[in-house]
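Here the structure is laid out as structure tokens; the discussion comes afterwards.
The values are calculated or read from the model by the stated rules, or taken from the named source; none is laboratory data. Everything quoted here is computed from the prediction, not taken from an experiment. No Cβ is skipped: glycine too gets one built from the backbone with ideal geometry, and neighbour counts run over all protein chains shown.
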Amino acid sequence: MLNTKYLIVYNICEIGKTNCDWYIKCIDNLLKINYKRYHIVVSGCRVSTETKQELYNRYKDKVSFIYTENFLAVNVTFNLAVRYCVKKFGSFTGYLYFDSGVDIENNYGLLNEIEERVRQDKYSMITIQPDTDTGHGNWNLPQYIKNSDFIMPIGKCCNLHVSYFSDELRVAFNNKIIPDIFNAYCTESVFSFLNACIQKQWVIVKDLILTHIKEQDGATMSYDHIGPRRATWNNLYAMADMREIINDPKAREVGLGYEELAGILMHDPQLYTAEGHCKNNKLKHYIKDKLFLSPDQLNYDHILNTFTPVNNA
């Protein structure tokens, strides 16, 4: 634990518009983080040639880059960036997902706050609050978590803008972290179960609030938000049908929940401890099998991409 190191994945997409000046502002601040052992990778989907060149010229000795020309959800492009960086640099203590619309400004102690929670060895997911679009109101939570950290209850969630994911999650789910069956919405609704099935918790850090511009690059640009079945909760990759999971008795048996705010699939509380740990080992295998794409569905080795590790790597 003394040799903790972190990978920051800064996720960008220029399908809708170009945002190079904003990216530069955000990356400049990320490079000022007051922590020695971290690396930044810019993970981009359909990024313009001009933006790629400008970012490379500015950061080639400090930052790695991975770009894909495929139209893919950020779940996939984030996982892809993590895979390439782990292959090149070795595993990290954890991986930080950064929404392109987040600027840390002068919050350079960000990783020290995360490190403090990592050392408690209780959390596999640590969320930093944005100043907009938290999603807290959906669950009657305060707009901002203050004074004390908030442990996310099983079945609840907040929106994904800045979150740490532990290496334990990557290992548990075969070198992936974020479930990749989802084309647009609903991914966050299963996060609590990912943590619970490896006997860990999800925590929101108190008081630290980052600047966030909602939908800076546009929202979920690669796919239609609602999908062909005209239901946000049933909009999966390659036309898979979420009803096969929510109607599967095995899903309830192992303790899975999904989009509980809408009552789509409610978990059985009796299958969890007071700390929110799943009592069985079956949930992990079910999630791995049902919420992550198999190589037959999407082979990550076949995704067209360009990976450029930092010059001094």
> Can you tell me how many residues in segment 63-86 are surrounded by fewer than 16 Cβ atoms within 10 Å (Cβ to Cβ) and either under 27 Å from Arg119 (Cβ atoms) or touching an Asp or Glu at 6+ places or on another chain (Cβ under 9 Å) (or both)?
Replying inline: 0
>> Suppose the filter is in a loop (DSSP other than H, G, I, E, B) and β-branched (Val, Ile, Thr); does Ile154 pass it?
In response: yes
> Mind checking which residues of segment 276-313 are more than 27 Å from Asp248 (Cα to Cα) and not in a strand (DSSP E or B)?
Replying inline: Tyr300, Asp301, His302, Ile303, Leu304, Pro309, Val310, Asn311, Asn312, Ala313
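Only residues that are free of Cβ contacts under 8 Å to residues at least 12 places away in the same chain and under 17 Å from Tyr95 (Cα atoms): list them for segment 31-56, please.
Taking segment 31-56 and keeping what is free of Cβ contacts under 8 Å to residues at least 12 places away in the same chain, we get 36, 49, 53.
Residue satisfying the conditions is Lys36 alone.
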>> Tell me whether segment 244-258 contains one or more residues that are touching a Ser or Thr at 6+ places or on another chain (Cβ under 7 Å) and more than 30 Å from Asn29 (Cβ to Cβ).
In response: yes
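Within segment 149-199, how many residues are at positive phi and surrounded by fewer than 21 Cβ atoms within 10 Å (Cβ to Cβ)?
Going residue by residue through segment 149-199, those that are at positive phi are 155, 174-175, 186, 199.
Add one more test, that the residue is surrounded by fewer than 21 Cβ atoms within 10 Å (Cβ to Cβ), and what stays is 174-175, 199.
Count: 3.
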>> When the residues of segment 237-265 are narrowed to those that are modelled with pLDDT under 95, within 22 Å of the chain's Cα centre (by Cα) and not in a loop (DSSP other than H, G, I, E, B), which ends up surrounded by the most Cβ atoms within 10 Å (Cβ to Cβ)?
In response: Tyr237
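Where residues in segment 200-209 are assigned to a strand (DSSP E or B) and either at negative phi or hydrophobic (A, V, I, L, M, F, W, C) (or both), which of them is surrounded by the fewest Cβ atoms within 10 Å (Cβ to Cβ)?
To start, the set of residues in segment 200-209 that are assigned to a strand (DSSP E or B) comprises 201-209.
Within this subset, residues satisfying the condition of being either at negative phi or hydrophobic (A, V, I, L, M, F, W, C) (or both) are 201-206, 208-209.
Values: Gln201: 21, Trp202: 26, Val203: 21, Ile204: 21, Val205: 21, Lys206: 15, Leu208: 18, Ile209: 18.
Looking at residues that are assigned to a strand (DSSP E or B) and either at negative phi or hydrophobic (A, V, I, L, M, F, W, C) (or both), I get Lys206.
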>> So if I check each of Ile209, Ile198, Ile145, Ile128, which one is of a type in the set (Val, Ile, Thr), modelled with pLDDT of 95 or more and within 24 Å of Leu283 (Cα to Cα)?
In response: Ile198
> Regarding Tyr59, is this residue touching a helix residue (DSSP H, G or I) at 6+ places or on another chain (Cβ under 7 Å) and in contact (Cβ under 8 Å) with a residue 12 or more places away in the chain?
Replying inline: yes
>> Restricting to segment 1-41, name every residue that is buried (at least 16 other Cβ atoms within 10 Å of the Cβ) and assigned to a helix (DSSP H, G or I).
In response: Cys20, Trp22, Tyr23, Cys26, Ile27, Asn29, Leu30
>> If I ask for residues that are surrounded by fewer than 19 Cβ atoms within 10 Å (Cβ to Cβ) and closer than 20 Å to Leu111 by Cβ, which ones from segment 128-148 would you list?
In response: Asp131
